[in-house]
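**Q** Below is one structure. I have some questions about it.
The values are calculated or read from the model by the stated rules, or taken from the named source; none is laboratory data. Fair warning: this is a prediction, and the values are worked out from it, not measured in the lab. Every residue, glycine as well, gets a Cβ built from its backbone with ideal geometry; the counts of neighbours run over all protein chains shown. Calculation scope for accessible area: heavy atoms of the full protein, side chains included, ligands and nucleic acids excluded. Shrake-Rupley method; radii C 1.70, N 1.55, O 1.52, S 1.80 Å.
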Amino acid sequence: MAVAASGYLRIGATDVDAWMGFGTGVLGLMEAQRDDASGARYLRLDDHPFRLMIEPAEADGLIATGLEFPDEDAFRACCSALTAAGHDVAPGSEAEAKRRAVTAFAITQDPSGNALELYWGRELDYTPLVSPQGIANFVTTYQQTGDLGFGHLVLPALEFDATTDFYTEIIGMGITDILYPPGMDGAKIHFMHANNPRQHSLALFNGPHPLGVVHIMVEVETMDEVGRAMDRAKAAGSHFLATLGRHINDNMCSVYLLAPGGIAVEFGCEGMLIDPETHVATVSTEGDLWGHEYNFPGMND
């Protein structure tokens with residue numbers, strides 16, 4: 001029943017064009033040419049039809065997280081387990097499944113109110129990925145055989161214990177690392193892996209966030225690609241939320257940028273891979289080996 005990967009994100013944007021300019025011009029993602037009467041636009045990282053759906057909205061923020069299951073049996077078993085545990089599960093329509101390029105999906109929420117779309121049977125796009133910034137590959141597969149998902153995301157979880165149980169006991173994730181961030185009294189983050197080697201596909205922060213997501217992450221293959229993205233971000237006037245640094249728990253060397261509307265995007269390389277079957281959870285009391293000096297908007301005003 002274990003979830004295979006964090007497959008896609010639906011992001012609400014008050015300025016879709018600005019978000020797409022950031023996605024293609026700074027991050028180097030490829031716009032997917034998909035018809036959508038709602039005005040949504042799509043960003044590709046690989047052979048999936050999209051990984052980020054950018055939708056017109058009255059407020060900026062995360063709309064929903066798409067979690068991928070390996071097959072129909074696992075998908076239906078999870079939906080049944082959610083229903084048995086008292087969670088509302090609504091099947092998605094055929095038209096909405098087609099919009100997401102999936103065979104079937106269902107809508108639910110975790111105990112902290114984060115919207116989820118569980119799905120199986122993704123239709124692939126065989127048009128070659130051509131990054132407008134010349135990025136050869138984004139890290140979404142392992143040895144070209146296993147899907148690692150789009151990257152990872154960190155969700156706010158005020159109902160922290162119940163939400164952790166939801167993902168580990170029903171969705172089928174495992175805890176990779178527990179972080180007590182230094183300088184943040186009472187803060188706690190659970191990093192969780194799906195059934196793939198990415199060190200974490202989803203994490204939970206025991207606090208609120210006005211945009212419904214603490215940050216999202218996309219990964220490239222080399223430090224040079226991270227450096228070139230930093231140059232593009234500087235030229236575009238993007239806000240650097242954190243300087244270049246390396247995390248302790250997943251070894252990611254990354255920079256944090258703010259997308260239009262305020263969602264934080266970690267852009268990194270060299271993320272740790274684990275064996276999801278044998279990994280033993282760790283506890284961290286430091287977040288970084290070096291770097292990652294934060295500059296939240298307004299803090300230096």
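**Q** Here's a check for you: in the stretch 250-301, which residue that is of a type in the set (Gly, Ala, Ser) and out of contact with any helix residue (DSSP H, G or I) (no Cβ under 8 Å at 6 or more places or on another chain) is farthest from Val226 (Cα to Cα)?
**A** Here the answer is Ala281.
**Q** Restricting to the stretch 128-142, and then to whatever is touching a residue at least 12 places away in the same chain (Cβ under 8 Å) and open to solvent by 50 Å² or more (accessible area, probe 1.4 Å), can you tell me which residue is farthest from Ala235 (Cα to Cα)?
**A** Tyr142
**Q** For the structure I just gave you, tell me whether Asp17 is among the charged types (D, E, K, R), at pLDDT 95 or above, open to solvent by less than 30 Å² (accessible area, probe 1.4 Å) and outside any strand (DSSP E or B).
**A** No: the conditions fail for Asp17.
**Q** With respect to the numbered conditions (1) open to solvent by 30 Å² or more (accessible area, probe 1.4 Å); (2) touching a helix residue (DSSP H, G or I) at 6+ places or on another chain (Cβ under 9 Å); (3) assigned to a strand (DSSP E or B), which one is the sole condition not fulfilled by Asp36?
**A** Against the list (1) open to solvent by 30 Å² or more (accessible area, probe 1.4 Å); (2) touching a helix residue (DSSP H, G or I) at 6+ places or on another chain (Cβ under 9 Å); (3) assigned to a strand (DSSP E or B), Asp36 comes up short only on (3).
**Q** Right, something else. What pairs can you find where one residue is in the stretch 26-47 and free of Cβ contacts under 8 Å to residues at least 40 places away in the same chain, the other is assigned to a loop (DSSP other than H, G, I, E, B) and open to solvent by 20 Å² or more (accessible area, probe 1.4 Å), and their Cβ atoms are less than 6 Å apart, with a gap of 6+ or different chains?
**A** The qualifying pairs are Tyr42/Arg34.
**Q** If you don't mind, another one. Starting from residues that are out of contact with any strand residue (DSSP E or B) (no Cβ under 6 Å at 6 or more places or on another chain) and touching a residue at least 60 places away in the same chain (Cβ under 8 Å), keep the ones in the stretch 113-126 and report whichever is least open to solvent (accessible area, probe 1.4 Å).
**A** Asp125
**Q** Now a separate question. Would you confirm, using the coordinates I've provided, whether Leu155 is surrounded by 16 or more Cβ atoms within 10 Å (Cβ to Cβ), on the phi < 0 side of the Ramachandran plot and within 15 Å of the chain's Cα centre (by Cα)?
**A** Answer is yes for this residue.
**Q** Could you count how many residues in the stretch 171-183 are in contact with a helix residue (DSSP H, G or I) (Cβ under 8 Å, 6 or more places away or on another chain) and open to solvent by less than 20 Å² (accessible area, probe 1.4 Å)?
**A** Matching residues across the stretch 171-183 total 3.
**Q** Another question about this same structure. Restrict the check to the stretch 101-112 and report whether at least one residue is open to solvent by 20 Å² or more (accessible area, probe 1.4 Å), free of Cβ contacts under 8 Å to residues at least 40 places away in the same chain and under 28 Å from Phe191 (Cβ atoms).
**A** There is at least one residue in the stretch 101-112 that is open to solvent by 20 Å² or more (accessible area, probe 1.4 Å), free of Cβ contacts under 8 Å to residues at least 40 places away in the same chain and under 28 Å from Phe191 (Cβ atoms).
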